[in-house]
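Worksheet for the structure shown next.
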Amino acid sequence: MPDMPVLDRILFSPEQIKARVEELGREISADYRGKQPLFVGILRGSIMFYADLLREISVDCTMDFMCLSSYTGTNSTGEVRTMLDLRESIKGRHVVIVEDIVDTGLTLDYLMGNLKNRGAASIEICCLLDKPANRKVEVTPKYVGFQIENEFVIGYGLDYNELYRNLPYIGVFKK
Ligand code: 5GP
């Protein structure tokens with residue numbers, strides 16, 4: 001067992017993550033054959049997942065990124081803002097949003113609203129982790145790596161105060 005002062009326990013090992021990401025890559029590749037999808041990575045949490053997933057995509061595709069930030073003021077309104085927008089138009093494109101985790105759903109709800117009027121041929125969500133117990137608005141990701149309990153997780157791109165994104169596994173943060 002490695003030294004893990006900030007972790008309660010490991011949820012998914014690098015091997016488990018790799019196996020699941022390979023499965024997702026195969027499934028998405030089959031669904032998007034001939035469609036040249038555009039994969040939109042949501043910075044920064046999805047970076048590891050995005051880089052690994054895209055290497056498992058066997059159809060022609062393009063990449064773009066958005067950076068969103070949740071504004072959590074004193075009243076924690078769940079307001080989301082676009083810090084970095086897409087470089088390319090999504091008009092007529094088959095878009096796959098790649099996100100690290102869906103929790104309340106507020107981030108993706110905002111994003112879907114933001115992208116809806118840009119003329120995409122289709123928009124689907126692929127998230128590595130899904131915490132359905134904590135949903136505040138309805139968001140239904142088509143591709144989900146793992147469903148998890150309502151616990152705060154870190155590693156493989158996910159942070160606590162910007163730390164621990166570099167961990168190769170996903171673990172439950174020690175309170
Ligand atoms: P939502 O808007 O669905 O509540 O949350 C989306 C964002 O909150 C995620 O993209 C992620 O940045 C952050 N988040 C939600 N749950 C967790 C968690 O368990 N661990 C970490 N590190 N971030 C989380």
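Would you check which residues across region 65-78 are modelled with pLDDT of 95 or more and buried (at least 16 other Cβ atoms within 10 Å of the Cβ) and list them?
Within region 65-78, the subset modelled with pLDDT of 95 or more is 65-67.
Answer for region 65-78, where residues must be modelled with pLDDT of 95 or more and buried (at least 16 other Cβ atoms within 10 Å of the Cβ): Phe65, Met66.
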Check off (1) outside any loop (DSSP other than H, G, I, E, B); (2) small (Gly, Ala, Ser); (3) within 29 Å of Val137 (Cα to Cα); (4) open to solvent by 10 Å² or more (accessible area, probe 1.4 Å) for Ala19 and give me the number that stays unchecked. (3)
What residue, among those in region 79-119 that are surrounded by fewer than 17 Cβ atoms within 10 Å (Cβ to Cβ) and touching a Leu at 6+ places or on another chain (Cβ under 8 Å), is farthest from Leu53 (Cα to Cα)? Arg81
Count - residues of region 139-163 that are more than 8 Å from the ligand (Cβ to nearest atom), open to solvent by 40 Å² or more (accessible area, probe 1.4 Å) and over 20 Å from Glu124 (Cβ atoms): 5
Taking region 133-175 as the region of interest, how many residues are over 14 Å from the mean Cα position of the chain (by Cα) and within 20 Å of Val96 (Cβ to Cβ)? 1
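Residue-by-condition table, conditions (1) assigned to a helix (DSSP H, G or I); (2) out of contact with any Cys (no Cβ under 6 Å at 6 or more places or on another chain):
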residue	(1), (2)
Glu27	yes, yes
Arg33	no, yes
Gly45	no, yes
Ser58	no, yes
Ser70	no, yes
Met83	no, no
Leu115	yes, yes
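The values are calculated or read from the model by the stated rules, or taken from the named source; none is laboratory data. For clarity, every value in this text was computed on a predicted model and none was experimentally measured. Neighbour counts are summed over all protein chains in view; Cβ atoms, including those assigned to glycine, are modelled from backbone coordinates with ideal geometry. Areas reflect the complete protein model, heavy atoms only, side chains present, ligands, DNA and RNA absent. Shrake-Rupley method; radii C 1.70, N 1.55, O 1.52, S 1.80 Å.
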